[in-house]
């Protein structure tokens, strides 16, 4: 097979369901979880026995609620890494122990993505999270003692959330010297609990909160390298997610995963123990639109030395608003990451 440098593995299991989440997830028994890991290991052996990846990302769901079965998978994945690798696993704070993180390190995991979402216990309860800020503090102390490269996820846009709450988030970020932060705008999906409740977001409130977030990150010396991602240094970017935004090929494995290979998007549907791969062959226009949507999300933009990026640019260059983009070092970049939606409207 062609060398694909990036692997995403989806672990769809959770102990509970958060109100904003619409990812593929289930509340399954231990036997099902163990059999699911068996299927992943079998697929690795059958299809990718000698394959080495530059980045591996284990997401969910809540991967670190599995413990022993998860270690089996991570140990297997540790044999599929290139020399200069990034190996990330998503974690929930309440399940992290020193023993667990040490097991991750033994399996060559070198990056943790921690689902914090808020540093306010009342908001955490309101959105269906089971951890507390004390759990988060404990988890981060354990992580920092074992792994230097980690990220936290936060969300803004809840109607119950105030600017003062977000200020507390930044006090936390500064106190613990968090190297990388993903700060996402709340989106209401139909299949989420919020979606079924017809929860409505105050859009003006969202804009005010984003302006505040941008200012606070700037004051703390963080670099915004993608619409929702900030880091202390560009060496700390998520290499795996950059592959998505650059429209590189990646393999998606496990129920709920997505992949992109040879200009073909696919998702893994079915059920946790019976997977079906559904292919979505894009038209030329759909493909190039997707390349623009992803590429303009980052400060790196579209690389005109990249054949796919260049084709997308040639396809759309007469439609682009030159006031909203610029060409720097042979890269097409958005002048303002907050207005990329306006650029994309011009492409439709």
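The values are calculated or read from the model by the stated rules, or taken from the named source; none is laboratory data. The shown structure was predicted, so the numbers you read here are calculated from the model rather than taken from an experiment. Positions of Cβ are generated from backbone atoms using ideal geometry, with glycine treated the same way; all protein chains shown enter the neighbour counts.
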Practice task
For the stretch 313-347, name all the residues that are at pLDDT below 85 and either over 23 Å from residue 284 (Cβ atoms) or touching a helix residue (DSSP H, G or I) at 6+ places or on another chain (Cβ under 7 Å) (or both).
Solution key: 321, 322, 342, 344, 347
Exercise for the section: Give the stretch 303-320 a look and list any residue that's surrounded by fewer than 15 Cβ atoms within 10 Å (Cβ to Cβ) and in a loop (DSSP other than H, G, I, E, B), or say none. Expected result: 305, 317, 318, 319
Practice task
Count, please, the residues in the stretch 134-165 that happen to be assigned to a helix (DSSP H, G or I), in contact with a helix residue (DSSP H, G or I) (Cβ under 7 Å, 6 or more places away or on another chain) and buried (at least 21 other Cβ atoms within 10 Å of the Cβ).
Solution key: 3
Handout entry: Residue satisfying condition, being assigned to a loop (DSSP other than H, G, I, E, B), surrounded by 17 or more Cβ atoms within 10 Å (Cβ to Cβ) and on the phi < 0 side of the Ramachandran plot, within set 288, 300
Key = 300
Fill in the blank from the handout: The residue that is surrounded by the fewest Cβ atoms within 10 Å (Cβ to Cβ), considering only those in the stretch 123-133 that are assigned to a loop (DSSP other than H, G, I, E, B) and without any contact (Cβ under 8 Å) to a residue 60 or more places away in the chain, is 132
Exercise for the section: Would you kindly identify the helices (runs of 4 or more DSSP H) lying entirely within the stretch 29-122 that contain at least 2 residues that are within 19 Å of residue 150 (Cβ to Cβ)? Expected result: 68-77, 98-106
Completion exercise
Reported set for the stretch 69-85 where residues are under 24 Å from residue 137 (Cα atoms) and either touching a strand residue (DSSP E or B) at 6+ places or on another chain (Cβ under 7 Å) or at pLDDT below 95 (or both) is none
